[in-house]
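Engineer: Sending over a structure as structure tokens; questions will come in a sec.
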Amino acid sequence: MAKSTANQATASRLPSTRESRPALIGLAILLIFGGALASAWLAIQSGDRSYFVQVNSEVAQGATISQDDLTRVSLPEGFEGGIPSSESDSVVGKAAGARLLPGTVLMRTMISGKSGVEANQTQLTVAVDSSPFIRGLQSGAQLALDVGTSDGGERQTVYAELVSVGDEQSGSIGGSGSGETSIVVSIDISCLSTVSQGIEDSAVTPALIGGSDSSAIAKTCGS
């Protein structure tokens, strides 16, 4: 009878505090981790998001953007510089100010205000030292390109129209340590050789002008 009572006491013995502590700690960690995941998921779901225009297929610089070239992507509502998908129609028919690759979120600085490239015109990308002046230029601005040569030859001033201003990049042309920005300009095709050589020699400096009728500015570069 005494032996049976001892067995019952052993069977009904509760786990000691030492035995239950690891289980409680594990449960607490699981609850904390699960709560963190739930909070993160709720934060993502509750964030304000909107659809913006994204490039769906490659578009060459200067080519006309079609509806098939575009798609949409969900981004935070305050995404700066993006074009809302509701305004995608305003992009169709415009020219690409730079080469557009699939997956790129389309920025307003990447498109030209004009449709395609006009007759007898060509577009070139010119790398210049970044400055508030350059970054503040707007599409359609009339520019005078001061074009020099690496051998110190005669400089020439060529008329150009600004297509777009790119983002600032690290490094600089002259090694001064400031950033570099690429601008896309439209020039008369007769000036292609002159300006291309200046770009190769890193000897092109843009200036803003108020009109294109100055005799000192070459709108064409024929002999």
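Engineer: What do you reckon, is E154 under 18 Å from G222 (Cβ atoms) and without any contact (Cβ under 8 Å) to a residue 24 or more places away in the chain?
Structural biologist: Taking the combined requirement at face value, the residue satisfies it.
Engineer: If A98 satisfies every condition in (1) under 28 Å from G179 (Cα atoms); (2) in a loop (DSSP other than H, G, I, E, B); (3) in contact with a Ser or Thr (Cβ under 6 Å, 6 or more places away or on another chain) but one, which is the exception?
Structural biologist: Of the numbered conditions (1) under 28 Å from G179 (Cα atoms); (2) in a loop (DSSP other than H, G, I, E, B); (3) in contact with a Ser or Thr (Cβ under 6 Å, 6 or more places away or on another chain), the odd one out for A98 is (3).
Engineer: Now a separate question. Which number in (1) in contact with a Ser or Thr (Cβ under 7 Å, 6 or more places away or on another chain); (2) crowded, with 20+ Cβ neighbours inside 10 Å marks the one condition that Q121 misses?
Structural biologist: Every listed condition holds for Q121 apart from (2).
Engineer: For the range 63-81, which positions are more than 30 Å from E118 (Cα to Cα) and not acidic (D, E)?
Structural biologist: Within the range 63-81, V73, S74, L75, P76, G78, F79 meet the criteria.
Engineer: Also: Would you please name the residue that is modelled with the highest pLDDT, looking only at residues in the range 67-85 that are surrounded by fewer than 13 Cβ atoms within 10 Å (Cβ to Cβ) and small (G, A, S)?
Structural biologist: Here the residue is S74.
Engineer: Here is a follow-up. Determine the pairs where a residue that is surrounded by 17 or more Cβ atoms within 10 Å (Cβ to Cβ), located within the range 188-208, has a partner that is assigned to a helix (DSSP H, G or I) with Cβ atoms under 6 Å apart, the partner being 6 or more residues away or on another chain.
Structural biologist: Listed by first residue and then by second, the contacts come to V204/G198.
Engineer: Tell me the residue from V92, V158, V163 that is outside any loop (DSSP other than H, G, I, E, B) and modelled with pLDDT of 85 or more, please.
Structural biologist: The unique qualifying residue is V158.
The values are calculated or read from the model by the stated rules, or taken from the named source; none is laboratory data. Please read these numbers as outputs of a predicted model, since none were measured by experiment. Note that each Cβ is placed from the backbone with ideal geometry, even for glycine, and that neighbours are counted across all protein chains shown.
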